[in-house]
Amino acid sequence: MAGVGVAVRGLLLRKSLLVRAIPCRGLRMTPFQHQQQQQEKRSAVDTYETLKLERVREKVLHVELNRPEKRNAMNAAFWREMVECFNKISKDSECHAVVMSGAGKLFTSGIDLMEMGSVFLLVGGEDTARKAWNIRQIIRDYQETFTVLEKCPKPVIAAIHGGCIGGGMNLISACDIRYCTQDAWFQVKEVDIGMAADVGVLQRLPRIIGNHSLVNELAFTARKMMAPEAESSGLVSRVFQDKEAMMESAFDLAVEIASKSPVAVQGTKVNLVYSRDHSVPEGLKYMATWNMSMLQTEDIVKSAQAAMEKKTPKQITYSKL
């Protein structure tokens, strides 16, 4: 913390010595031009077969699982599009936070068995070893579909209603924050279809809940966990009466996060994920290396000045990242 104080004082001194630039007195943008520009930004959001993207609030993206007629089942296009979508979001300087939800009656029914059931049966290979090698690569590709959520430096809020089954549990366990409705239920379903879950839930859920007995029970039996138990166990942080209330609160939370310094928020996520998988000494060493450059950001100067002027982060204009 002492380093922060030194950095703030140094940056404030440096800033006070800078010559103020003369503001440009060019033509102002008309309300119509501003509205048109905003519309162009919204329309620039990519379109996908299984996902619906929308800029719902300033600096906030809504990613919706969009196969309601199939209960948002995860087909071949979904596994590909999630990676493409979140790789782009990672580089989108206009987005500071993401909300994920599902269209229709439930969040997701998990893997689309009708479409994906034959994938592993049709894998080629001249012998068992080569076939196994190819299957391993397919599994690794599928794992990236949800790992990409952790790699994305923008905080991802999962908003879950109805059922969250199988692949859905793998998805939400890779998100940063989880909200749900009171009718939501959760199920690690893979044992019921004759396999061990292999795209993240067995690795992430024990770190989320922290109760290995409960995790083992859920994974061995595929029983349903209802919303009250999900909240008490720590899987979700809040439960809402209905989807409308949940979505409104999720968007409000995203706006709150998006109002902070992107250097601070994204650096926090990167270090939280790193520290989860490393020892405390390793995490501290990584943090020191990270902040030896990040403490030199102008965001600290802006935040310090705003605090002295009794302004909130929402009143500060941070540079894009």
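Contact order normalised by length for the chain, with contacts defined as Cα pairs under 8 Å and 6 or more residues apart; what percent is it?
In percent, rounded to a whole number, it is 16.
Trypsin sites (Lys or Arg not before Pro) within the stretch 75-175: which are DSSP loop residues with at most 14 other Cβ atoms inside 10 Å?
Loop-located and lightly packed - 91, 105.
If you fit an axis through the alpha-carbon atoms of helix 2-17 and take the longest principal axis of the Cα set of the chain, what angle between them do you get, 0 to 90°, nearest 10?
It is inclined by approximately 50 degrees.
So how far apart, in nm, are the two label points at residue 133 and residue 293 if each is 7 Å from Cα heading toward Cβ?
Going by the 7 Å Cα→Cβ label model, 3.7 nm.
What are the ³J(HN,Hα) couplings of the stretch 174-183, residue after residue, when phi is run through the Karplus curve with 6.51, -1.76, 1.60 and θ = phi - 60°? Round to Hz, x for glycine and proline.
Per residue, the Karplus-derived 3J(HN,Hα) values read 8, 7, 8, 9, 10, 10, 8, 8, 5, 9 Hz.
Taking all protein chains together and a probe of 1.4 Å, list 233, 213 from the most accessible to the least accessible.
I get 213, 233, largest accessible area first.
How far, in nm, would the chain grow between residue 311 and residue 192 when pulled straight, counting 0.36 nm per residue and subtracting the alpha carbon separation?
37.4 nm
Counting only protein heavy atoms, what percent of the accessible surface of the chain is carbon or sulfur at a 1.4 Å probe?
56
Can you compute the helix-only [θ] at 222 nm over the chain? Use -39500 (n - 2.57) per DSSP H run of at least 4 residues, normalise by all residues, nearest 500 deg cm²/dmol.
-15500 deg cm²/dmol
Quick one: helix 31-43 against the long Cα principal axis of the chain, what's the angle to the nearest 10°, folded into 0 to 90?
30
Quick check: with the 1.4 Å probe, what order do 52, 260 take by accessible area, largest first?
Descending order: 52, 260.
Shape call for the stretch 174-263 from the C-alpha gyration tensor, a ≥ b ≥ c root eigenvalues: rounded (a/c under 1.5), prolate (a/b greater than b/c) or oblate?
prolate
What does the net charge come to around residue 283 if you take all other residues with beta carbon closer than 15 Å to its beta carbon, with K and R at +1 and D and E at -1?
For residues surrounding residue 283, the net value is +2.
Probe radius 1.4 Å, ligands and nucleic acids left out: which of 247, 287, 226 has the largest accessible area, and how do the rest follow?
226, 287, 247
Calculate one ³J(HN,Hα) per residue across the stretch 253-263 by plugging θ = phi - 60° into the Karplus curve 6.51 cos²θ - 1.76 cosθ + 1.60, and present them in order as whole Hz with x for glycine and proline.
Result, ordered by residue: 4, 4, 5, 4, 5, 5, 6, 7, 4, x, 5 Hz.
So if each residue of separation counts as 0.36 nm, and I subtract the Cα-Cα distance between residue 256 and residue 279, what length gain in nm does that give?
Computed gain between residue 256 and residue 279 is 5.2 nm.
Once the Cβ-Cβ distance between residue 123 and residue 222 is put in as r, and R0 is 25 Å, what FRET efficiency do you end up with, to the nearest 0.05?
With a Förster radius of 25 Å, E is 0.45.
Using a 1.4 Å probe on the protein heavy atoms only, what accessible surface does residue 256 show? Give it in Å² to the nearest 10.
Around 70 Å² of this residue is reachable by solvent.
Relative to the longest principal axis of the chain, what angle (0 to 90°, nearest 10) does the C-alpha long axis of helix 212-221 take?
Here the helix axis deviates by roughly 40 degrees.
The values are calculated or read from the model by the stated rules, or taken from the named source; none is laboratory data. All of these numbers come straight from a predicted model, not from anything done at the bench. FYI the Cβ positions are ideal-geometry reconstructions off the backbone, even for glycines, and counts take in every protein chain you see. We work out accessible area using only protein heavy atoms, side chains counted, and drop any ligands, DNA or RNA first. Shrake-Rupley method; radii C 1.70, N 1.55, O 1.52, S 1.80 Å.
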